[in-house]
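Q: Handing you a structure now.
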Amino acid sequence: MSNAIVALALAAVSLGALSAQGVAPPAQSGDLKFAIIGDSGTGDTPQYEIATQLIAARAKFPYEFVIMLGDNLYYGSGQKDYQKKFEQPYKPLLDSGMKFYATLGNHDNTNEKFYKPFNMNGERFYTFRPKPGVRFFSLDSNYMDKSQTDWLEKELAASGSDWKIAFFHHPLYSSGGTHGSDTKLRDQLEPVFLKYGVDAVFSGHEHFYERIKPQNGIQYFILGNSAKLRKGGIATSEITAKGFDTDNAFMIAEITGDEMSFQTISRKGTVIDSGKFRRAERKAATND
Ligand SMILES: [Fe+2]
């Protein structure tokens, strides 16, 4: 049995586990499915193997776009790098019109913001609304300054969306033994997230997967192992809800009403984490 078939079988089993009857929940109109990869741009075999799983997952779980959590291109950003580390591994997705939305990691050239398939529209930080009620905010955590947090406050205040999802490279909370939590960045961003009701945050940088226990009502994920891997990189920590540091992984997620369900799938197609959570019900400083 191929890895792809195993992946689909396992994905089906896990989706079933999320519902009471053991049957995957029916797609409801208005659902939003998306996929997540992080630290993906090596051009090496693990990136291609994760890409194969990502492509296979789409047959059962037709996600509409992919967010990229930074370090999209390691070791250069020439035309060949874009080809080998992005266009080739994800070719079937790109050929079908799949949109990718990138954020900049510490290994990325800022000029990636001009690369059309990353959909950054020439901006280091930007926002997009894939459907009414759901808005994503891609931040540049390499250079977090007041102009960016001012922009973020303004956009959050004006968003009018129920779901506010942020993604950027450096994690505010992490059990990584090498990097760990970026507390300076946390001091800059967390008050804004809390004030305006950000619900979920996806980051990379740490080359493993970690689902953090909700912090002040916000659900944080680290996914920095969609090509790179730091085996055993997660140190024992009280903030870990689920950790996976023995293989590469990617995620798929679905928003249905006030709930987001997610699955994290390994390079071998094994579902290594799944669950769902409700969006934060804090009173946000918006009129929505
Ligand atoms: Fe990084």
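The values are calculated or read from the model by the stated rules, or taken from the named source; none is laboratory data. It should be emphasised that the depicted structure is a prediction, and the values quoted were computed from it without experimental measurement. Methodologically, a virtual Cβ is constructed for each residue, glycine included, from the backbone with ideal geometry; neighbour enumeration extends over all protein chains shown.
Q: Which ones in the stretch 28-45 are under 25 Å from D81 (Cα atoms), surrounded by fewer than 18 Cβ atoms within 10 Å (Cβ to Cβ) and not charged (D, E, K, R)?
A: T45 - this is the single residue of the stretch 28-45 that is under 25 Å from D81 (Cα atoms), surrounded by fewer than 18 Cβ atoms within 10 Å (Cβ to Cβ) and not charged (D, E, K, R).
Q: Condition (residue is part of a loop (DSSP other than H, G, I, E, B), closer than 24 Å to K268 by Cβ and more than 16 Å from the ligand (Cβ to nearest atom)) applied to the stretch 63-75: is it met by at least one residue? Step through it out loud before you land on a result.
A: Of the stretch 63-75, the ones part of a loop (DSSP other than H, G, I, E, B) are 63-64, 69-75.
Filter once more, so that each one left must be closer than 24 Å to K268 by Cβ: 63, 69, 71-72, 74.
If we keep only those that are more than 16 Å from the ligand (Cβ to nearest atom) as well, we get 63.
Yes, that holds for at least one residue.
Q: Which pairs do you get when a residue that is outside any strand (DSSP E or B), found in the stretch 183-211, comes within reach of a residue that is more than 16 Å from the ligand (Cβ to nearest atom) and of a type in the set (F, W, Y), reach meaning Cβ atoms under 7 angstrom, with the pair 6+ apart or on two chains?
A: D199/W163; F208/F244
Q: I36 versus (1) at pLDDT 95 or above; (2) more than 16 Å from the ligand (Cβ to nearest atom): which is the lone unmet condition?
A: (2)
Q: On to the next question. Being among the acidic types (D, E), out of contact with any helix residue (DSSP H, G or I) (no Cβ under 6 Å at 6 or more places or on another chain) and within 16 Å of the ligand (Cβ to nearest atom) narrows it down to one of D95, D108, so name that one. So that I can check it myself, show each step before the final result.
A: Values: D95 fails: within 16 Å of the ligand (Cβ to nearest atom).
Unique residue meeting the criteria: D108.
Q: For the stretch 171-182, give me the residue count where each residue is buried (at least 21 other Cβ atoms within 10 Å of the Cβ) and in contact with a Gly (Cβ under 8 Å, 6 or more places away or on another chain).
A: Adding up the residues that qualify gives 4.
Q: Within the stretch 87-103, track down each residue that is under 16 Å from the mean Cα position of the chain (by Cα) and either over 22 Å from F167 (Cα atoms) or not in a loop (DSSP other than H, G, I, E, B) (or both).
A: Residues satisfying the conditions are K99, F100, Y101, A102.
Q: Report, by residue number, each residue of the stretch 104-161 that is in contact with a strand residue (DSSP E or B) (Cβ under 7 Å, 6 or more places away or on another chain), of a type in the set (D, E) and either more than 19 Å from R279 (Cα to Cα) or part of a loop (DSSP other than H, G, I, E, B) (or both).
A: The initial filter retains those residues of the stretch 104-161 that are in contact with a strand residue (DSSP E or B) (Cβ under 7 Å, 6 or more places away or on another chain), namely 112, 117-120, 125-131, 133-139, 152, 155-156, 159, 161.
Remaining after also requiring of a type in the set (D, E): 112, 155.
Scanning the stretch 104-161 gives a single hit, E112.
Condition check ((1) buried (at least 21 other Cβ atoms within 10 Å of the Cβ); (2) more than 25 Å from F61 (Cα to Cα); (3) of a type outside the set (A, V, I, L, M)) across all residues:
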residue	(1), (2), (3)
K184	no, yes, yes
V198	yes, yes, no
V201	yes, no, no
K213	no, yes, yes
G217	no, yes, yes
D247	no, no, yes
I265	yes, no, no
K276	no, no, yes
